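For reference, the structure discussed in these notes is given below.
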């Protein structure tokens, strides 16, 4: 990992309009999916983005890929503003960032062979034009991700879920990208297969020098894979820190609540941990709470939290958190109870 950012995100916003009416549609509101997100991704690093369902993780990933256009904000890739790239100039940008999707069953075309699926990026970008050369490149990719190259002419339904996800990984690597975004790549797989795919991604990142953004809701998976972790809540990043710091000394109460819910296999350690159960439900993203968005459910909320939005600021211990009243070392220790990966 180098000290040079590959991706810079500043005040990224994505609102989805809510319209009423059939013919004369009128906007009556908006879903605040992503609301002012800022972070950097360094070359060669792995960044995990975690949070509850609906917090904006996947929307952020699609904005980085320009699968969605941002409402406002800046996304810079190698210093270039991604939001200003015209559609006709997308191809060179697409070669640099590739995506691994969540569901290996729906992300592969059932009517095409595996060889055709993995070779499709070559055809789109005009690479490896010779049929024999293209076949050799595809079989090398299949071998790289642990698939039998002899299965080149098989169809997706002839593979297991884990093998299908390996096909998706091979397709993402075909153009030799600089960054891969993995959107919950193992959530649809059995636990035993999850470990194989995660180890594959980690080995590929190390061997190929890739930059990786991992979207997940499983905190133990992110700790196993990522150098740094960003925690999202209701469209905003509430804490970001290197993996060891965040898992040992969380500062935001929401991060502490997430970590307190991670199962601990040691009964003695589990008995020493204080489980933080959050009250209420996640507020609607169409009408988010004012000031701190977590204050309706936060056990440490005070009047200031209802009146002033906290900024992402450096906290003791190395974390950057958006909280007026961060967790103390003692409160963090109660929720974590162990410094070892689960």
Run lengths n ≥ 4 of DSSP H only: what is the helix-derived mean residue ellipticity at 222 nm for the chain, with -39500 (n - 2.57) per run over all residues, to the nearest 500? -9500 deg cm²/dmol
Using only alpha carbon pairs under 8 Å that are at least six residues apart, calculate the relative contact order of segment 231-342 and give it in whole percent. 40
For the chain, just run the numbers: alpha carbon Rg, then divide by 2.2 N^0.38 Å, N being how many residues it has. 1.06
For segment 1-159, what Kirkwood radius comes out of the mean inverse Cα-Cα distance, in Å? 18.7
Classify segment 246-285 as rounded, prolate or oblate, taking a ≥ b ≥ c as the square roots of the eigenvalues of its Cα gyration tensor: rounded when a/c is under 1.5, otherwise prolate if a/b is larger than b/c and oblate if not. prolate
Please report Rg (one decimal) and Dmax (integer) in Å for the Cα set of segment 250-342. 14.2, 43
How do 120, 133, 331, 239 rank when sorted from fewest to most other Cβ atoms within 10 Å of their own Cβ? 133, 120, 331, 239
Output the relative contact order of segment 145-263, whole-number percent, from Cα pairs under 8 angstrom with separation of 6+ residues. 18
Once you have the Kirkwood Rh of segment 1-61 from its Cα pairs, apply Stokes-Einstein at 20 °C and 1.002 mPa s and quote D in µm²/s. 154
Could you pull the Cα extents of segment 135-199 along its three principal axes, largest to smallest, in whole Å? 32, 30, 17
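For 85, 97, which order do you get if you count the other beta carbons within 10 Å of each Cβ and list the fewest first?
So the ranking, lowest neighbour count to highest, is 85, 97.
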Normalised by the empirical 2.2 N^0.38 Å for globular proteins, what value does the Cα Rg of segment 110-221 take? 1.06
Run the numbers on the chain and let me know its relative contact order in percent, using alpha-carbon pairs under 8 Å that are six or more apart. 19
Alpha carbon centre of segment 125-167 versus segment 39-88: separation in Å? 28
Cα centroid distance between segment 254-299 and segment 318-337, in Å? 12
From the Cα gyration tensor of segment 153-300, with a ≥ b ≥ c the square roots of its eigenvalues, which class applies: rounded if a/c is under 1.5, or else prolate if a/b is larger than b/c, or else oblate? prolate
State the antiparallel share, in %, of DSSP beta bridges confined to the chain, rounding to the nearest 5. 60
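All of the numbers you see were taken from the coordinates with simple rules; none came from a lab. These numbers were taken from a predicted model, which means no experiment stands behind them. For neighbour counting, all protein chains shown are included, and Cβ atoms are generated from backbone atoms with ideal geometry for every residue, glycine included.
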